[in-house]
Amino acid sequence: MTKKWWIVGVVVVVLVALGLYFGPKIYASFQEDAAPAASVDTSGAQAATTEDLNGTWTVTPGDASNTTAAGYTVDEVLNGSDVTVVGSTPEVSGSVTIADSSLTTGEVVVQTNSITTDSDRRDNQFRGNIFDTATYPTATFTIDSPIDLAGLPKDGTTETVTAEGTLTLKDQTRPISVEMQVLQSGDTLIASGAIPTTWADYGIEPPSLGFVTVEDSGTVDFLINLSRQ
């Protein structure tokens with residue numbers, strides 16, 4: 001009987017060891033890189049229907065080709081394997097002002113509690129320990145310097161411009177510079193960009209949970225549609 005229980009004990013230890021070794025590998029095998037953050041899609045673009053861009057433009061939902069959304073992209077290291085995570089939300093609002101063919105002011109506001117990825121557990125961590133969305137329900141991006149749009153193409157192609165602005169996450173504000181793709185399609189302006197971000201600059205501590213470690217930097221992403229009021 002003693003020998004039998006000794007054998008059973010050895011089997012249990014071996015199974016536990018195998019689980020500890022292969023468990024993360026099995027978990028990793030089911031992880032796939034998320035779809036990349038959205039960028040301006042010109043496949044259905046139309047020629048511009050107006051030469052004069054001056055006025056106030058507000059954020060609108062967009063369409064299937066270019067849906068307004070904002071969020072983040074970050075890499076996880078999962079037992080030595082890299083996994084790209086993209087979180088996004090369509091709950092984006094804001095407006096910009098264009099005068100003399102320059103975008104002079106603007107603000108985009110994102111509802112952080114609605115940002116989702118492909119994992120409920122990850123999203124719950126983000127809303128709780130990582131970002132505390134109950135306390136910090138919004139993130140904002142504000143334009144600080146004029147952006148010249150005089151050369152914006154009217155033929156349904158994009159122009160790349162540099163936006164100097166301010167990013168606020170968890171009430172921490174930092175100056176940023178981001179390259180944006182801008183498209184005028186019909187009577188709509190569409191812009192997208194990815195802001196390189198070091199999370200600690202905003203008081204955000206990337207989690208390290210056992211065999212999952214989140215990189216200390218990533219991007220804050222946006223694609224917005226704008227219609228003139």
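Within segment 78-150, what whole-number % of the accessible surface is contributed by carbon and sulfur, with the 1.4 Å probe and all protein chains included in the calculation?
The value for segment 78-150 is 43 percent carbon and sulfur by accessible area.
Sort Lys170, Lys154 by heavy-atom solvent-accessible area, probe 1.4 angstrom, most to least.
From most accessible down to least: Lys154, Lys170.
Mind jotting down the distance between the C-alpha centroids of segment 181-229 and segment 116-161, whole Å?
Result: 4 Å between the Cα centres.
Keeping all protein chains in the complex and leaving out DNA, RNA and ligands, what accessible area do you get for Leu53 with a 1.4 Å probe, in Å² to the nearest 10?
Approximately 10 Å² for this residue.
If you project the alpha carbons of segment 54-141 onto the principal axes, what extent comes out on each, in Å, largest first?
Here the Cα extents, ordered largest to smallest, are 53, 30, 22 Å.
Can you give the FRET efficiency to the nearest 0.05 for Gln46 and Ser208, using r as the Cβ-Cβ distance and R₀ = 41 Å?
The value I calculate is 0.30.
Using the C-alpha gyration tensor of segment 146-209, what are the square roots of 5 times its eigenvalues, in whole angstrom, with the largest one first?
31, 13, 9
In Å, what Kirkwood hydrodynamic radius results for segment 70-189 from the alpha-carbon pair distances?
Here the Kirkwood hydrodynamic radius works out to 16.3 Å.
Could you report the accessible area of Trp57 in Å², rounded to 10, computed with a 1.4 Å probe on the protein chains as they sit in the structure?
0
Please list Arg174, Arg122 in order of solvent-accessible area, largest first, computed with a 1.4 Å probe with all protein chains present.
Result of the area sort, largest leading: Arg174, Arg122.
In square angstrom, what is the accessible area per residue of segment 93-177 with a 1.4 angstrom probe?
About 50 Å² of surface per residue is accessible.
From the phi angles alone, apply the Karplus equation (6.51, -1.76, 1.60; θ = phi - 60°) to segment 140-156 and give each ³J(HN,Hα) in whole Hz, x where the residue is Gly or Pro.
Whole-Hz 3J(HN,Hα) from phi for segment 140-156: 10, 10, 10, 7, 10, 10, x, 10, 6, 10, 4, x, 4, x, 9, 9, x.
The values are calculated or read from the model by the stated rules, or taken from the named source; none is laboratory data. Remember, it's a predicted structure, so these values are computed and weren't measured experimentally. As a convention, Cβ positions derive from the backbone with ideal geometry for all residues, glycine included, and neighbour counts pool all protein chains shown. All accessible areas refer to the heavy atoms of the entire protein, side chains included, with ligands and DNA or RNA removed. Shrake-Rupley method; radii C 1.70, N 1.55, O 1.52, S 1.80 Å.
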